[in-house]
Amino acid sequence: MSARHRHASEMTLIDQLLAEQQQLTAVERFSALHERGHVQERYSALLPATPPGPGEQYAFEVNLDACTGCKACVAACHSLNGLDATESFRDVGLLIGDGYQQTVTTACHHCEDPACANGCPVQAYEKDADTGIVKHLDDQCIGCQYCMLKCPYEVPKWNDRLGIVRKCDMCAQRLAVGEAPACVQACPTSAIRIVKRRTGILPVTSAAGILPDVGGLETRRTGDRQNACPTSLLPDTITSTYTQPTTTYSSSRSMPADARAADRDVLRVQPTHWPLVLMLVLTQLSVGLMIGAIWHVGLLWTASGALFAGLGVSVLHLGRPLGAWRFFLGLRKSWMSREILAFSVLAGSALGSFVLVPVTLSAVLGLVAVFTSAMIYIDTQRAWWSGARISVSFFGTVAKLGASGTAAITGDAVFTTVALLSGALFWLAETRVQRGCDKSLRVVTAKLSGIAMAKRVLAVTAMVCQAMALAFPAWAWVLGSAAFACSLIACVCERVIFFKAVDAPKMPGGLTA
Amino acid sequence: MRDGSASSEDGDASRAGSEKRQQGAAGQGGFATLLRSSDGPLTQQLGHTSTPLGNLPASLVPTATTSMVCGFCATGCSLKIHLRDGEAINLSANEDYPVNLGMACPKGWEALTPLDAPDRGTTPLWNGKPVCWSTASQTFVQRMKAIIAEHGPESVAVLSTGQIVTEEMAFLGAFAKFGMGIRHIDSNTRQCMATAATAYKQSFGFDAPPFTYADFEESDVLVFIGANPCIAHPIMWQRVMMNQRSPKIVVVDPRRTETAMAATHHYAIKPKSDLTFLYGLANLVIERGAVDDEFIAKSTSGYEAFAEFVKAFDVERVSRESGISVAQLREFADLIASKKRVSFWWTMGVNQGHESTRTAQAIINLALMTGNIGKPGTGANSITGQCNAMGSRLFANATSLIGGHDPAKPEHRAKVAGILGIEESLIHPELGLAYDQIMERVADGRIKALWVLATNTSHSWIDSEAANRALEKLEFLCVQDMYPTTDTAKRAHLYLPAAGWGEKEGSFINAERRIGLVKKVKRAPGQSLSDFNILRLLASAWGCGETFAKWSSPEAVFELMKQLSQGQPCDITGIEGYEMIEREGGVQWPRVAQLRRNWTAMPDEERSEETFASCGATGLLSERRLFEDGVFFHEDGRAKFLFDAPREMPEMPSEEFPLVLLSGRGTSAQWHTNTRTGKSEVLKRLHPAQCYVEIHPDDAQALGIAAQQRVQVASRRSAIEATAVLTSTVQRGNVFMPMHYDEVNKLTFAAFDPHSRQPSYKACAVRVSIVGN
């Protein structure tokens, strides 16, 4: 056989092999539409025999003794629910302690008082009256992500492809036909089950705090199963009085006193939320200028400009802004709804102030609107966003930016003085109100030192300029403008840190970030 | 009665409630929907459809299903592949398979995802540039032949894998040895199972793991030594959890692992004190008079010498050297001496040691002396690592002559040559070099060409910087893999794109000797070809197409494997073909043709449970263990007691490197240098993205290391960075790092067990310091 011929015959073989590779022959030989086998009986033991009655709801129950960290539940949730590549509604974290480790599977706790639902401005959450399942209405969601800030267990997950959040619905469609949720079906050691749980068994106290309670599990174990009052689900999780989660974690092993979330010491930098940073700074500047406009009515133009810029940029934060008109649905519970209402009224009033509405009224409405902004964050139960800290931050910004803006535009020395004083006061107050926020302060030191330094330098520069402006009135306009610019950027930096450094409560996570 | 009436009222109330809501919704009509849409295109994305398989995502409803064995670990779970138009779209765990009973670990659930990775190889690459298969195969042949012509056949070696189907392994081994005429072929099974294979071969006379998974459920005392099945083999752990006999579960492991947490007894021995510890236990068991004299007399040899030998391992010495108290040692010995069903299970903690073969045999000895073998819930059982390590051990033509034969035996050579239709002179009477010896010769330049298939030497070989320096010296490195992006493939002169699991046919053999099927349920991307087809192409290009004319398809090779197995302990002549494997839910070896004939030839009226057993037809059962008759595979039918004096670990901690680094599996979600598992976003969620080191809080405090701080871990070989995790699940003086971060093997110390040549990954000396200090 000549070389050429051999070459030709090999081409034939290659073509033949390539063609053969594309044939799915084994499938034709073996495939069938298999039926579900005996596993159904196995997992039917993991479901209640009857649906919940009045005063009851479905809940997850996790046997920690059987949860040994294989994490099949996470993968099965993804596969059996057809989720996106990175999506799963279940996670597995870890507790560690003296000679101790315990993996913890976790999904939505289908809380009795779901913070996600309470925070949603458009009622995109529904707590099913029969089953207690907290369901997210994907088509109702406007993608504001407030539920992600409200939920202390990191349950609602952002879906960038759709511009909405999605979350676990306990596989309600499966439960409705007597099938177990994906995670329950997939757990090799039957660690997850669905139980009926009596509702209203958690004491609702007014003092919802964020301190973890190591004794939570112990309390639950020693107490009567149905009437136990855990103060928190697990070590390093938020007090259960905030949302009244319904998941039960049980174990026959004793948990050491030093048991803690494996990721307790992980310093996590949270998303910046640029539209919110700019919206907050601009609207607070606007309200400050609105107050200035009581004395210098010409400022109304700038104040309104800042207001509409702020409101405009806030829309960028919504994944699906076209549904935002439904904001009034949440007015009864959601501070987000109230904020939208307050700023809508303010917008009308500000425009009205050009004709007949008193500027003072707009200024007052502005302060109310800033109050609703503050409440949005205060309502998330995070130490970094405590009432005191947010009041100082938000109203401090109103004062600082309003006064220095007014001073820069009008050259009014009184406002320069107010700006200088409020800057100094803010400096002092900020240190005080951050006490107890160790984790966030560590994040600032370790991860955000550049921006924190920029904020300090700019704030000091602003104050120096303001002091010089008072000393050299001839230069007041230039120095005032410089001070305002510095102050404005410092406030943006401050607000970036506000979002990035917040220590968000969560379920125990993995070993590292 | 009261409860009953109450619940019926509840039911009525709840029905009434839902009716009212429905009426309300209907009454408000379109306006309600406008205000609040509980359905729509986004909601429907997560909608379910009811199918015979249960509720499934509406977007992923299959038109058919087929089941196949998972391609990650040796548990050998069956996955039910959901097909649409013949192609896989999703999967679930198979309920009707005796291995996994409807469960899978995260790797199994994500088994299809790595096939769709964007970095799949779609064309051969020559020096990084795409070439056609014709050029690639000619290049392969020309380069290999030129090097053989110049430096001899000893200058070429193959490093293969436990990840491809047995039929491909057989073809590769036959082509390399009988086609290319080279001798050195080894595989990454050397890194995981060589010790178990060697230990069994020496002790039992054949590489024969004796157990079946039902033993997990039927045992009274389960002893796990150097094994962490909770995360390494979660589906085997499922079987442990299904045990209804309230078993004692003993874990022997320096770390307080997930399995140690779940056990009833944990003995945290000092690293590499296992051999002393096990000899001490044997001594205590003898002292208790708990040996099975009858079994020893009938079925073993060498017991007296062993009993004499272990006398030196008195309980105080063992306590001192292992760090386990005398009371605990006695407690453990009592469990073994309990006369209940005791099963011993080991994996990498034993296999990857400097005296691992003797350690595995110390476990085997415990089982033999107490008669805990060949009965339900007993055995000295190696939990295998890779999906087809067992296929490799028998049919890869590397560590034995194909089919578990001994090339030194003329009758074996004649048999193999006859079945394969080759000249007997093509069969070298000596086996080739082991992986470490091949790497040594690569480093010193004696081996010039290396062909690597479906393994990632650059990452996984011990002391990896030295290994990579060696690979740089090669004149010709050919890597055949699914991805041109593995650490090793990136160094290749010639890259051949391989189809993966799910894109080809063949069979795997799992840890309990069960042969299961792999099927073609996806189209391989671009021009990638199955390893089998690449071998057909290369054999043809080499000019030995005639020799391999019989090797036309995986199933044709399976027929050859059957013939080769005849008369061997791994006899599979009773397996008719792939359909039978499918029908029976996998078939364990041995499966001898004669058994079925005996049974079917029997007149109907004579068939009973008793005659079923007497004619040997129990060999047809789905779950079988070996050695029920107490007869082993040595010529005298006896198992051997084998032992040696323990040796100090090769690299002891020193003042400069005071800590012992233990490496191992950190998560169930990573596999095999993460080449495939790293393609799944879901699996990536399940482990830290960056390398970490677990260190005892006391050690950390002494070094001034805080939790989550970046630290440097240094050995005599290299230094790497990691995040410090403070946990007392590691002992003082030890640190642990997961092997799936590629930098970890830069630290490990290249020591090898002298019998199995398996690398000792589990212990080397390191120091830890704060980065920047």
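Read the figures in this text as sums done on the coordinates, not as results from a lab. Keep in mind the model is a prediction, meaning the values are calculated, not measured. Cβ: placed from backbone, ideal geometry, glycine included. Neighbour counts: every protein chain shown.
General observations
- Positive-end residue of B:G162, B:P98, B:G173, charge dipole of the stretch B:77-208 with Cβ unit charges: B:G173
- The calculated 222 nm mean residue ellipticity attributable to helices in chain A amounts to -15000 deg cm²/dmol, summing -39500 (n - 2.57) over DSSP H runs of n ≥ 4 and dividing by all residues.
- Shape call, chain B: gyration tensor on alpha carbons, a/c limit 1.5: rounded
- Cα-based shape type of the stretch B:216-340, given that a ≥ b ≥ c are square roots of the gyration tensor eigenvalues and the cut on a/c is 1.5: oblate
- Cα gyration tensor, the stretch A:50-119 - rounded (a/c under 1.5), prolate or oblate: oblate
- When shorter helices are ignored and each DSSP H run of at least 4 residues is given -39500 (n - 2.57), the per-residue value for chain B at 222 nm works out to -10000 deg cm²/dmol.
- When only alpha carbons are used to place a centre, the stretch B:27-85 and the stretch A:226-285 end up 32 Å from one another.
- Kirkwood radius and radius of gyration were both taken over the C-alpha atoms of the stretch A:387-513, and their ratio Rg/Rh is 1.08.
- Proxy reagent accessibility, fewest Cβ within 10 Å first, across B:E655, B:E503, B:E424, B:E610: B:E655, B:E610, B:E424, B:E503
- Per residue of B:38-46, other chain Cβ atoms within 10 Å of the residue Cβ number 6 on average.
- The simple Förster model, with R0 at 60 Å and r as the Cβ-Cβ distance, assigns B:Q701 and B:A601 a FRET efficiency of 0.20.
- Pairwise label distance in nanometres, A:V478 with B:E648, each label 7 Å out on the Cα-Cβ vector: 7.9 nm
- Residues whose amide H comes within less than 5 Å of that of B:S67, counting only those at least five positions distant or on another chain, are B:I81 (H built at 1.01 Å from N in the peptide plane).
- Distance between modelled label sites at A:S391 and A:S449, nm, 7 Å Cα→Cβ extension: 3.4 nm
- Comparing A:L95, A:L361, B:T49 along the charge dipole axis of the protein assembly as shown, the residue lying farthest to the positive side is A:L361, per the Cβ-charge model.
- Antiparallel content of DSSP bridges confined to the stretch B:456-569, in %, to 5: 50 percent
- Positive-end residue of A:S337, A:A403, A:V287, charge dipole of the stretch A:272-430 with Cβ unit charges: A:S337
- Value of relative contact order over chain B, rounded to a whole percent, pairs C-alpha under 8 Å and six or more apart: 18 percent
- The order of B:M193, B:M561, A:M375, B:M652, going from fewest to most other C-beta atoms within 10 Å of their C-beta, is B:M652, A:M375, B:M561, B:M193.
- A:V104 long-range amide H proximity, modeled H, under 5 Å: A:G93, A:L94, A:L95
- Exposure proxy order (Cβ contacts within 10 Å, fewest to most) of A:V315, A:V370, A:V277: A:V315, A:V277, A:V370
- Cα-centred dipole magnitude for chain B, charges only on beta-carbon of K, R (+1) and D, E (-1), debye, nearest 20: 1420 debye
- Rg/Rh for the stretch B:22-135, where both radii come from Cα atoms and Rh is the Kirkwood radius: 1.20
- Distance between the C-alpha centres of the stretch B:107-125 and the stretch B:408-458: 30 Å, rounded to the whole angstrom.
- Among the residues of B:130-138, the average count of other protein chain beta-carbon atoms within 10 Å of the residue beta-carbon is 2.
- The count of lysine pairs in chain A whose Cα atoms are under 17 Å apart, excluding pairs fewer than 8 places apart on the same chain, comes to 22.
- Rounded to the nearest 20 debye, dipole of the stretch B:607-693 from Cβ charges on Lys, Arg, Asp, Glu: 660 debye
- Remark: spin-label model distance B:E559-B:L621 equals 3.3 nm, labels positioned 7 Å along the Cα→Cβ axis.
- A simple charge model with +1 on the Cβ of Lys and Arg, -1 on the Cβ of Asp and Glu and nothing else charged puts the dipole of the protein assembly as shown at about 3020 debye relative to its Cα centre.
- Each distinct pair of alpha carbons in the protein assembly as shown adds a 1/r term; the inverse of their mean, the Kirkwood radius, is 33.9 Å.
- The stretch B:93-202: Rg to Rh, with Rh as the Kirkwood radius over Cα pairs: 1.07
- Nearby aspartates and glutamates by direct alpha-carbon distance to B:K80 (threshold 18 angstrom, same-chain neighbours under 8 apart not counted): A:E28, A:E35, B:E95, B:D96, B:E110, B:E503, B:E505, B:E579, B:E582, B:E584
- Inter-chain neighbour count for B:686-698: the average number of beta-carbon atoms from partner chains within 10 Å of each residue's beta-carbon is 3.
- Separation of alpha-carbon centers, the stretch B:284-344 and the stretch B:718-773, rounded to whole Å: 32 Å
- When all alpha carbon pairs of the stretch B:647-690 are counted in 10 Å bins from zero, the resulting P(r) reads 22, 34, 20, 21, 2 %.
- If R0 is taken as 22 Å, the Cβ-Cβ distance between A:V464 and A:V297 corresponds to a FRET efficiency of 0.15.
- Length available on full extension from A:V364 to A:L428: 0.36 nm per residue minus the Cα-Cα distance, which gives 20.4 nm.
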